[in-house]
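Enquirer: Below is one structure. I have some questions about it.
The values are calculated or read from the model by the stated rules, or taken from the named source; none is laboratory data. Quick caveat, the model's predicted, so the values are computed rather than measured. Heads up, the Cβs are rebuilt from the backbone with ideal geometry, glycines too, and the neighbour counts pull from every protein chain shown. All accessible areas refer to the heavy atoms of the entire protein, side chains included, with ligands and DNA or RNA removed. Shrake-Rupley method; radii C 1.70, N 1.55, O 1.52, S 1.80 Å.
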Amino acid sequence: MDNLLSEGLELMVFGMGFVFVFLTLLVFVTGLMSKLVTKYAPAPEIKPAKKRTSASASVTAGATAANNDELVAVISAAVHKYRSN
Amino acid sequence: MDNLLSEGLELMVFGMGFVFVFLTLLVFVTGLMSKLVTKYAPAPEIKPAKKRTSASASVTAGATAANNDELVAVISAAVHKYRSN
Amino acid sequence: MDNLLSEGLELMVFGMGFVFVFLTLLVFVTGLMSKLVTKYAPAPEIKPAKKRTSASASVTAGATAANNDELVAVISAAVHKYRSN
Amino acid sequence: MEKLITLLTASGIYNISGGQFVMIVVGLLLLYLAINKNFEPLLLVPIGFGGIMANIPEAGLAFSAVENAVHFAKPEVLQALASVLSASSTDAETLLHAYHTSSPSVHATASLVAQDGGYNNGMLYNFYLVAIASGVAPLLIFMGVGAMTDFGPLLANPKTLFLGAAAQFGIFATVLGAIGLTTLGVMDFSIQDAAAIGIIGGADGPTAIYVTSLLAPQLLGAIAVAAYSYMALVPLIQPPIMRALTTESERKIKMSQLRHVSKLEKILFPISLLILVALLLPDAAPLLGMFCFGNLMRECGVVDRLSDTAQNALINIVTIFLGLSVGSKLSADKFLDVQTLGILVLGIIAFGIGTACGVLMAKVMNKMAGGNAINPLIGSAGVSAVPMAARVSNKLGLESNSQNFLLMHAMGPNVAGVIGSAVAAGVMIKFVG
Amino acid sequence: MEKLITLLTASGIYNISGGQFVMIVVGLLLLYLAINKNFEPLLLVPIGFGGIMANIPEAGLAFSAVENAVHFAKPEVLQALASVLSASSTDAETLLHAYHTSSPSVHATASLVAQDGGYNNGMLYNFYLVAIASGVAPLLIFMGVGAMTDFGPLLANPKTLFLGAAAQFGIFATVLGAIGLTTLGVMDFSIQDAAAIGIIGGADGPTAIYVTSLLAPQLLGAIAVAAYSYMALVPLIQPPIMRALTTESERKIKMSQLRHVSKLEKILFPISLLILVALLLPDAAPLLGMFCFGNLMRECGVVDRLSDTAQNALINIVTIFLGLSVGSKLSADKFLDVQTLGILVLGIIAFGIGTACGVLMAKVMNKMAGGNAINPLIGSAGVSAVPMAARVSNKLGLESNSQNFLLMHAMGPNVAGVIGSAVAAGVMIKFVG
Amino acid sequence: MEKLITLLTASGIYNISGGQFVMIVVGLLLLYLAINKNFEPLLLVPIGFGGIMANIPEAGLAFSAVENAVHFAKPEVLQALASVLSASSTDAETLLHAYHTSSPSVHATASLVAQDGGYNNGMLYNFYLVAIASGVAPLLIFMGVGAMTDFGPLLANPKTLFLGAAAQFGIFATVLGAIGLTTLGVMDFSIQDAAAIGIIGGADGPTAIYVTSLLAPQLLGAIAVAAYSYMALVPLIQPPIMRALTTESERKIKMSQLRHVSKLEKILFPISLLILVALLLPDAAPLLGMFCFGNLMRECGVVDRLSDTAQNALINIVTIFLGLSVGSKLSADKFLDVQTLGILVLGIIAFGIGTACGVLMAKVMNKMAGGNAINPLIGSAGVSAVPMAARVSNKLGLESNSQNFLLMHAMGPNVAGVIGSAVAAGVMIKFVG
Ligand code: NA
Ligand code: NA
Ligand code: NA
């Protein structure tokens, strides 16, 4: 019984301690991450999308937003021709 | 063989009988239920919803329709402010 | 090792051969099927639906498009009456 | 060269049996009926396609690991199977019979032995195990159907429950018919087989599949195909019977409008039904319990997202697997049997008797109510086959009186028929399960 | 005649026990609360309905094959079970105790013996095995919740994570309370039971179910019901505590607007959290891993169709089975126990302490930040109960200052509370699992 | 204090191995490619995330109960495992080798022994068992892809099937390459490994996963990652090859418009294909059967709700589990191997050869058809990688002639490539499975 109680106390101390340590670390990690993001990829809302597009434009030409626009045009034309005969 | 036939007959009598007994009881239970509802919660269509709202308004204030309306207003305001800076 | 190599070669010859045989057969089967369809069920786009309707109209009267139109009318009428009292 | 021979001798065209060929044609026929004639396509497209896949020679998609092992007949595997199954010889028939009649624990051991030998359950067999042998698929479909069902018309006129009761006479008369054929030596049905066949007359697919999977799993293919086909044929089967049993003046009877049913009544109904089931017939609890649960989700108004999923994504997913699983039972050795013929004949008789009893009961009720209150045409809807049977009642009503809309009045007995056949199913499971 | 007697003696009304009757009433009460009072209906409707089905006499829907075999007590089956379970006698209690404490391999053998005897798992028991015993249902719900969660407010003000930490004190204090009651001889909880009960204070349903299924499965029904009920009661439980611990001027504090959070930060957050979990507390990896996965699907913007399914069809399907499975644990012998009373009392204490600690922590942080930066009302949101607790903070804020919208500020601690209790759950599993 | 040490010694940071660290970085890289470079994100987001979770130290999420038991090494459990596995010693390597090479029945027994010792399958391992080891997930994805595929362009010009055949040469050439490397002693692939690696050249994710799970499950992680990565890289890999093998005038060829294809042809095509598979190559029946089933549901027009679910809710759910399951095979000991390097190199060679053969076949067909009928650029689409490869053909066509829209013409060989690689998969399974 006494053993159970001491186990419970220990659980409380270490458990609560660990929760605080973990969330404190998360505060630091999150803060650091946000700082890095703001520093090296500062544009709000619009840049990330833009950045992604331009970065990948050189790599996976077929799959980017730019190409998707183009694709829509192409498909529209194709479908139009295809249906109109 | 004969045994099988008598078993089938018995199954028919008791099966059909039971189906009728069960559905007859259901007729009574349903009728009684409808009568009680019409007597003690008479309002058609609109009351139940209303009743629920008012009854629970006193208990789980945060989760009722009334509060939902309020909530929408609050969120709209919050989002508006949040976005407009 | 040598055994493995010959097994691989055999796999390539028979595998590739089988793929070609299979797809060649599929070309013929598809072509034949298309020819038969064009011959015996020639109408483009509209006939199959029509055919289905008329063919089944005599068989499953309750479930065809024609009946569905009728049904919509019936239900509308019914619901209208039912709600308006 | 050797590889070429392997390929040829393992090809379908080299191995196809007459039975498999016929069953592939049957599968194509089911697809034709489903797609071209609109025969319950949601079930018959997957069933037909599953039936074709089940009969692809050498693929063994519908067979268990043990059945596949017996088919390919490696001597050492057969020996090991004979040993765990305590079979007297290693010939296919003896082994399969011993396997199919073995206890669950022997079954499990035999399955491991077959897997040790390198054989596995076919894809469709696995679908069958998960969807039907476990019982879960029909129950989930019942839950979805519950979530789609509006009990309003029934609550407005609860007496229509009697019509749903009367129409179940088709079920029990057919059981007797099946037993009669056996007594006469024409067929060879056990009492369990007879009960499962009778349920076709309940005109309710998931109920028929559920009962058959419990009482006579070897008949599942034939019974499910019969049940769904006849449900699709309701507009053909019912009208002559309905016309024969009613007079023109009866068919002209205009029923008074249904009263409005409150939300609260609709919420309390599935709960009342569940409690009645709990008190009287626990064996119907899985079927009717899930049905009531679906209906409560629909009506209670606070779990709309669950109700929506039960009526759409979930029931669609389950339907795909249920259909393919039923199709897996369309193998030649099980389906191409004189029993299947018997089932088809008995099934249509069950439908006919059910329809007739529903109409006759409606006539009796009409007499008792003064002769001008209940149109007997709504009695046929008591067989269920929701909503087809109710539409048929409506159609015949309109033929006699173009201003007589019976649809809503027929929906009452129609959904009552679902409850009635689920109760009948519970009685069957209790007595012969 | 014999058949009639069979029917009667197998009916529910003939066999119902007092406990079953009471539990059916409890199930009805849960449905009433869910439907009429809007108590977390998405869970409590299935739980309540499952609870009623679990207590249908003779149906055995919530029992395993072995439990059903013991209930129906065929002597030869009992004998065979006693033999594989090494039980000293064949009376029900001895057998069931031996079964429930047996090793997994003995368990599996006993199950096959019961099936050989003709008994099967009940439908709800199968749902329980697949959904909860496997651990998968709470994890998928966590994934869906992750896909629904916006970490923007938390990222705009990461310090609110401290509030999510402080509110977990309710969990550990309650563990100590449960142990205290045991030490005093009032209750009889093991350390595992105490840990599972404490998690109620985490105010997070899936976390509570996950932890309980690992540490104290026999308490699952009571703990899940308590957790969801108290989450529904948050608007009643929290306000008095919040008012008592704050001054009017504190409640009037207007918080500065949250900064804008970029898309990239939102994408990197779940990944950062996952890596922190991986490095520090592997035992929380399943829960927080699936949560982060859901959130990453939401934020990354390239798998919207997966995120949409995780938030809708999938979470709805899982919720239906999870609810019914939890309901299956509302059987009389497990729920109608003085322990349940203890759980209910301890659960509400856990909620109260968690709320208080959150508020107090917010007061401390406010002091440290100069006394006018953080409204302590947002502290109570740290218990999680998303988004109810945040709404309560907002509501009380508006009462003191009708221009003070705290909702977005309270969402930070609110989602921090989810992380906090998942971490606490990991610690529990590590130490007493 | 003891608890603190427990916590520390069980933490990830204390236990992480170099391999796990590298694999977590690999997982992050996959997420980066998926999210930032749009590399097949629907699969690579779950695969990458699953890979990170699989490498969380001490969590054992990707391990079976037996592997977890061996990792934690309780002496009595190791002793019991050694006994059922007939292993000569209790060291980890011996036990794991005995476990991985044991028969299914010994496997099952060992699993129960590990569970008796208190160890369980990790979450991801369970996902793998249900989704991939059972074979069901790739098949359901194939069904969904079938439901999304329009065979119209192929039916309008069935000869493009030859292009889908030619492009499969990449598969078989790569098998030979893998065997060559083994003969030279550079790598150590079995014939099964070689066959699975070759299938990467089929440019079809679910086919590659299905074949690999049957022939070489230990290579699943590397092969799936290679297959999806290279599919994403199609716009980089194909253009240089296409340009090198065609002349400017060939690339300018304008193809005549495709004829209209009737609904009935589209309905009959999947049925014809199924029957051809049934007659010639039963081993391809699961893959192509489910593909045809999905396509029939799409085209038949009477089961739209099933087709819609197969294309949305169901395929999304399966994709989530398939991705996480594949990710679970990205454990350091299996992925960080020189074999993975070999797989990556061979995979890209397979893609290249397939592309080249498709283009060359198109040139031959163009010559045979008079030299101005078929633009060879559509040949590369025969590798499948639907619809990326067809878009690439279209793009290069536009570069040479801005009025030349090849997209619809390239869709024919593109879907033919799916059929072609499924047939090749069937041949592999037949010969080396
Ligand atoms: Na019925
Ligand atoms: Na919490
Ligand atoms: Na391909």
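Enquirer: Carbon and sulfur together cover what percent of the accessible area of chain D at a 1.4 Å probe radius? Present the calculation step by step, with values, prior to reporting the outcome.
Expert: On the way: 8290 of 13170 Å².
It is 63 percent, rounded to a whole number.
Enquirer: Once the Cβ-Cβ distance between residue D:369 and residue B:3 is put in as r, and R0 is 56 Å, what FRET efficiency do you end up with, to the nearest 0.05?
Expert: Once the sixth-power term is evaluated, E becomes 0.85.
Enquirer: So, one more: As a test of reading the structure, rank D:162, B:28 by solvent-accessible area (1.4 Å probe, protein chains only), most first.
Expert: Solvent-accessible surface, decreasing: B:28, D:162.
Enquirer: For chain D, count the residues as N, evaluate 2.2 N^0.38 Å, and divide the Cα radius of gyration by that value, please.
Expert: Normalised Cα radius of gyration, chain D: 1.07.
Enquirer: When the solvent-accessible surface of protein heavy atoms is calculated with a 1.4 angstrom probe, in what order do D:260, E:97 fall, highest first?
Expert: E:97, D:260
Enquirer: Then there is this: Please average, across the residues of F:151-158, the number of beta carbons from any other chain that are within 10 Å of each residue's own beta carbon, and give a whole number. Display every interim value, and only then the final one.
Expert: On the way: counts 1, 1, 1, 2, 5, 2, 0, 10.
Partner Cβ neighbours, averaged per residue: 3.
Enquirer: How big is the E-F contact in terms of buried accessible area, both chains counted, 1.4 Å probe, rounded to the nearest 100 Å²?
Expert: Numbers: alone 19120 and 19130 Å², together 34970 Å².
Separately minus together, E and F give about 3300 Å² buried.
Enquirer: At a probe size of 1.4 Å, how large is the accessible area of residue D:181, to the nearest 10 Å²?
Expert: About 50 Å², ignoring ligands and nucleic acids.
Enquirer: Across segment C:1-42, what fraction of all alpha-carbon pairs, as a whole percent, falls in each successive 10 Å bin from zero upward?
Expert: Over segment C:1-42, the share of Cα pairs per 10 Å bin runs 27, 26, 20, 14, 9, 4 percent.
Enquirer: What quantity of accessible surface, computed with a 1.4 Å probe and excluding non-protein components, is buried in total between chains C and F, in Å² to the nearest 100?
Expert: By this definition, chains C and F bury close to 3400 Å².
Enquirer: Here's another thing I want to ask about it. Calculate, for residue C:38 and residue F:256, the FRET efficiency according to 1/(1 + (r/R0)^6) with r their C-beta to C-beta distance and R0 22 Å; round to the nearest 0.05.
Expert: It comes to 0.80.
Enquirer: Is the shape of the protein assembly as shown best called rounded, prolate or oblate, per the rule: a/c under 1.5 gives rounded, else a/b larger than b/c gives prolate, else oblate, with a ≥ b ≥ c the square roots of the Cα gyration tensor eigenvalues?
Expert: rounded
Enquirer: Run the dipole for chain E about the Cα centre, Lys and Arg Cβ at +1, Asp and Glu Cβ at -1, nothing else charged, and hand back the magnitude in debye, nearest 20.
Expert: Result for chain E is approximately 1660 debye, rounded to the nearest 20.
Enquirer: Roughly how many Å² is the accessible area per residue of the protein assembly as shown, as a whole number, for a 1.4 Å probe? Provide the component values of the computation, followed by the final result.
Expert: Values: 54290 Å² over 1554 residues.
Normalised by residue count, the accessible surface of the protein assembly as shown is 35 Å².
Enquirer: At 222 nm, what helix-only mean residue ellipticity would chain F give, in deg cm²/dmol to the nearest 500, using -39500 (n - 2.57) for each DSSP H run of four or more?
Expert: Mean residue ellipticity, 222 nm, calculated: -22500 deg cm²/dmol.
Enquirer: Sticking with this one: Pop out the carbon and sulfur fraction of the accessible area of segment B:1-42 as a percent, whole number, probe 1.4 Å.
Expert: Its accessible area is 74 percent carbon and sulfur atoms.
Enquirer: Summarise the partner chain shielding of F:138-146 as one whole number: the mean count of Cβ atoms from other chains within 10 Å of each residue's Cβ.
Expert: Mean shielding count: 1.
Enquirer: Separate question: Given springs between every Cα pair under 10 Å in a Gaussian network model of chain F, which of F:291, F:321, F:405 has the largest fluctuation?
Expert: F:405
Enquirer: So how tilted is helix D:75-85 from the main axis of chain D? Cα-based, degrees 0 to 90, rounded to 10.
Expert: Rounded to the nearest ten degrees, it is 50.
Enquirer: Residue by residue through segment F:143-158, which ³J(HN,Hα) values in whole Hz follow from phi under the Karplus form 6.51 cos²θ - 1.76 cosθ + 1.60 (θ = phi - 60°), with glycine and proline marked x?
Expert: Once θ is set to phi - 60°, the couplings for segment F:143-158 become 4, x, 5, x, 5, 9, 8, 9, 7, x, x, 5, 5, 5, 8, x Hz.
Enquirer: Pairing the Cα long axis of helix D:285-300 with the longest principal axis of chain D, what angle in degrees results, from 0 to 90 and rounded to the nearest 10?
Expert: So the inclination is approximately 50 degrees.
Enquirer: Just the accessible area for residue D:345, please: 1.4 Å probe, Å², rounded to the nearest 10?
Expert: 80 Å²
Enquirer: Ok, one more. How far is it, in nm, from the label point at residue F:21 to the one at residue F:236 when both lie 7 Å from their Cα along the line to the Cβ?
Expert: For residue F:21 paired with residue F:236, the spin-label model returns 2.7 nm.
Enquirer: Still on this model: Compute a Gaussian network model of chain E, connecting alpha carbons closer than 10 Å, and tell me which residue from E:292, E:357, E:300 fluctuates the most.
Expert: Per the Cα network of chain E with a 10 Å cutoff, E:300 tops the list.
Enquirer: Another question, if that's okay. Find the Rg to Rh ratio for segment D:226-324, where Rh is the Kirkwood radius over alpha-carbon pairs and Rg uses the same atoms.
Expert: Taking Rg over the Kirkwood Rh, I get 1.08.
Enquirer: May I pose another question? Which residue fluctuates the most in chain F, going by a Gaussian network model with Cα springs under 10 Å, if the choices are F:195, F:244, F:224?
Expert: Looking only at F:195, F:244, F:224, the largest GNM fluctuation is found for F:244.
Enquirer: Further question: Along the charge dipole of chain F, pointing to its positive end and built from +1/-1 on Cβ of Lys, Arg, Asp and Glu, which listed residue (F:9, F:422, F:101) has its Cα farthest out?
Expert: After comparing all options, I get F:422.
Enquirer: Tell me, which residues of segment E:165-187 get at least 30 Å² less accessible area when the other protein chains come in, versus the chain alone (1.4 Å probe)?
Expert: Output list: E:165, E:169, E:172, E:176, E:179, E:182, E:183.
Enquirer: Please list F:274, E:280, C:9 in order of solvent-accessible area, largest first, computed with a 1.4 Å probe with all protein chains present.
Expert: C:9, E:280, F:274
Enquirer: Ok, one more. Can you give the accessible area of residue E:125, probe radius 1.4 Å, in Å² rounded to 10?
Expert: Residue E:125 exposes around 30 Å² with every protein chain in place.
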